[in-house]
1. From the residues in segment A:53-64 that are more than 7 Å from chain B (Cβ to nearest Cβ) and not in a loop (DSSP other than H, G, I, E, B), which one is nearest to the chain's Cα centre (by Cα)?
2. Do we have residue A:125 as at pLDDT 50 or above and assigned to a loop (DSSP other than H, G, I, E, B) here?
3. Sort out which residues of segment A:5-23 are at the interface with chain B (Cβ under 9 Å from one of its Cβ atoms) and loosely packed, with under 13 Cβ neighbours inside 10 Å, and write them in order of number.
4. Being within 24 Å of residue A:11 (Cα to Cα) and exposed (fewer than 13 other Cβ atoms within 10 Å of the Cβ) is the filter here, so list the residues in segment A:33-65 that pass it.
5. Has segment A:85-92 got any residue that is in a helix (DSSP H, G or I), modelled with pLDDT of 90 or more and small (Gly, Ala, Ser)?
6. Has segment B:156-163 got at least one residue that is modelled with pLDDT under 90 and more than 12 Å from chain A (Cβ to nearest Cβ)?
7. Any residue that is touching a helix residue (DSSP H, G or I) at 6+ places or on another chain (Cβ under 6 Å), at pLDDT below 90 and not charged (D, E, K, R) - is there at least one of those in segment B:21-30?
Amino acid sequence: MLSNHAQDLINRALDGELSESEQAEFQALLSQSEQARRYSDELSLLAHRLASTPPVEPPDSLERDILSKIELPRPRKWFTRMAGWMQGRPISYGIAAAAGLLVTVAYYEMGFSRHSATDYSSLVGTLSRGDGLRGVVQLDSLEINSPAIQGNVTLSGKDDLRLLRFDIDSSVPVDVAVNFEGTGLDIGGVARQSHGGNENLSFSDGNFTVATLGKQQFTVVLKSDGGETINPGGIAVSVRRDGEEVYEGVLNL
Amino acid sequence: MSNSQDQELIRRCQKGDRRALEDLLMQYQRPIYNAAFRMLGNAEDAADITQTVFLRAFEHLDRYNPDYKFFSWIYRIAINESINQINRGKRELGLEDSQPATTEGPVDHFQAEDASRRIQDALMTLQEDFRMVIVLRHFSDLSYREISEVLHIPEITVKSRLYSARQRLKEELQEDGEP
């Protein structure tokens, strides 16, 4: 009768769960015990038979049936999303209030209750060059020129503020992904300069994605999170079409 | 697909991105269907369970805890639903409706189908907690740790159940005239 330890060793060897020292112990066990060899062979045969059993194919209609029954939250227009995101936050009174730099129709409209948080028509505004923007300089820019999308992304900044200006035109639906993780920056707000297509914008910590089609001009305001200094490094911009990357670039901070 | 890729897809699903949903479905539909099939031994029930798993998962996506792997979560739902199905007594034994994914010739195909049927029949003789670990280890290719996460049982219990289950399965196949 094999000991429990020997059985454990043989089973774990079959499952690829042995350490290097246990592997040596296992080999020694096999070389010394006919019973252990037989047990190991039987288990290996069983595992082989199970592995040789062909997988079963789900019915062709299953995926379609499942997809037709799952309802996801409806993507919201990006200004609607921004309104929800900003609601209840100090920053809801505007990127200018936070940074002391910008005047936008968007932010001051949001501060008043006569506009609902989802009334994104009230958020359409422009970045106006006032005193606060004096001293903002261009730091870097990317020119995007692929069959799916053309345009440029410009990074400007002053002190703890960075402005990411998008001027893009896509002939097909694309996702523009921006990653600023580790830079010490956080989303401060968004302002649209013009709008001629469809888009939605989704945010999470350290990155945002714009699903877009057509001509878009908008600026994403990034500000230093928690008053910390902005770390050296870059902001990665990539464009995906049907999940495939068609453009990648980095804006240097 | 890594867990971080899953998390990204889930995040996109939560924002209404159906392409992300399709990617997750493409990734997990077949493994979940196969696990359910091996648990239930019936193609129709396996399809029902697979559908239920995804509907439940996406209905309660807000409850998903990102500290845990997505695949562990949906396998857990699949196993629970399979057990519920067994308990409801709706199980129908047999492989009549299954479509083994082979590219072999007709003779090999029948041999493979026959072997598959014997394996499935032997699996169905195991008690459910034994069958679960065999399915997750040998058909879903999960490690002890992953099985432990799916079933919410300690790894040591996974091992002891697996060893016992193998012994029973081995004996069952030998009784069936297999070597």
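The values are calculated or read from the model by the stated rules, or taken from the named source; none is laboratory data. Keep in mind that what you see is a predicted model, and the values were worked out from it rather than measured. Every residue, glycine among them, receives a Cβ derived from its backbone with ideal geometry; neighbour counts consider all protein chains shown.
1. Initial filter on segment A:53-64 (more than 7 Å from chain B (Cβ to nearest Cβ)): A:60-61, A:64.
If we keep only those that are not in a loop (DSSP other than H, G, I, E, B) too, we end up with A:61, A:64.
Details: A:61: 31, A:64: 27 Å.
So, considering only residues that are more than 7 Å from chain B (Cβ to nearest Cβ) and not in a loop (DSSP other than H, G, I, E, B), the one nearest to the chain's Cα centre (by Cα) is A:64.
2. Values: at pLDDT 50 or above: no; assigned to a loop (DSSP other than H, G, I, E, B): yes.
When the stated conditions are applied, residue A:125 does not pass them.
3. A:16
4. Across segment A:33-65, the qualifying residues are A:34, A:35, A:38, A:41, A:48, A:51, A:52.
5. Within segment A:85-92, the subset in a helix (DSSP H, G or I) is A:85-86, A:90-92.
Adding the requirement that they be modelled with pLDDT of 90 or more leaves none.
No, because not a single residue in segment A:85-92 is in a helix (DSSP H, G or I), modelled with pLDDT of 90 or more and small (Gly, Ala, Ser).
6. Of segment B:156-163, the ones modelled with pLDDT under 90 are none.
Checked against the condition, which is being modelled with pLDDT under 90 and more than 12 Å from chain A (Cβ to nearest Cβ), segment B:156-163 yields no hits at all.
7. Taking every residue of segment B:21-30 in turn, none turns out to be touching a helix residue (DSSP H, G or I) at 6+ places or on another chain (Cβ under 6 Å), at pLDDT below 90 and not charged (D, E, K, R).
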